[in-house]
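Below is one structure, written out as structure tokens; comments come after it.
The values are calculated or read from the model by the stated rules, or taken from the named source; none is laboratory data. If you're wondering where the values come from, they're calculated on a predicted model, not measured in any experiment. Glycine gets a Cβ as well: all are built from the backbone with ideal geometry, and neighbour counts include every protein chain shown. Note: areas computed on protein heavy atoms with side chains; ligands, DNA, RNA excluded. Shrake-Rupley method; radii C 1.70, N 1.55, O 1.52, S 1.80 Å.
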Amino acid sequence: MQRLLFCLVAAATLLAREPGVIPSRYAASDFPLTANPQARQWKNAPAVVAENGPRGEPVPGHRTEIRSRWTRDNIYFLFICPYQELHLKPNPTQTSETNELWNWDVAEVFVGSDFEHITRYKEFEVSPQGEWVDLDIDRLNPLPEGGWLWNSGFAVKARLDARHKVWYGEMRIPLRSIDSRPPAAGLQMRINFYRCQGRDPGRKFIAWQPTGEGNFHVPQAFGLLKLVP
């Protein structure tokens, strides 16, 4: 009974709140991935912050900043990720995608363009070691192998600053892999950002838009991405 009440309250909260919005600012041309927030293309980029867990609980020491830019062909995301403890996959590879990368430290983008069928969206992940995975998600009719065999053509860059205990992850995602519409200022998509950080039993989970449960795959909780000039 208590769990049912909690779920009803969480669902009502999600429905009542306004979705968060992250603006993505236009760049006239594509640029190399640097994972550097001081790079010219990132200095004045709009940013949002993720600092709470999936249920909205504070997660001290993991205040994550996310910035975004877009071009005619691609959309970019930069994650600035403070951490207390790293949990990294042994023998990492940056030449092919790593299935189940979410079992280690990652930053994640869940993004979809279908506002009528919100259970269909794409998932993109980058690790502090520059590993990556992309998935085609359909919550009602899951694709074989969970959708990870899909290939978006996206690229990543990561940089780890162990001295200051922060890592940076950058993504360049072809817009055609998310949305068939021609990109233009004013175009909106549904989006959420997440992080998994550290080892059990103290593993941290951070969500930009809280989902109301311990699961990231709650599309009704997504916020909005808006392409701006």
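Values for this structure:
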item: Per-region count, the range 48-66, residues open to solvent by 30 Å² or more (accessible area, probe 1.4 Å) and under 20 Å from residue 127 (Cα atoms); result: 6
item: Qualifying strands (runs of 3 or more DSSP E) (wholly inside the range 177-229; at least 3 residues being open to solvent by less than 60 Å² (accessible area, probe 1.4 Å) and within 22 Å of residue 76 (Cα to Cα)); result: 188-197, 223-228
item: So residue 124, is it part of a strand (DSSP E or B), in contact with a Pro (Cβ under 8 Å, 6 or more places away or on another chain) and crowded, with 21+ Cβ neighbours inside 10 Å; result: no
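Okay, residues lined up against (1) of a type in the set (Asp, Glu); (2) touching a Pro at 6+ places or on another chain (Cβ under 7 Å); (3) in a strand (DSSP E or B):
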position	(1), (2), (3)
42	no, no, no
49	no, no, yes
61	no, yes, no
92	no, no, no
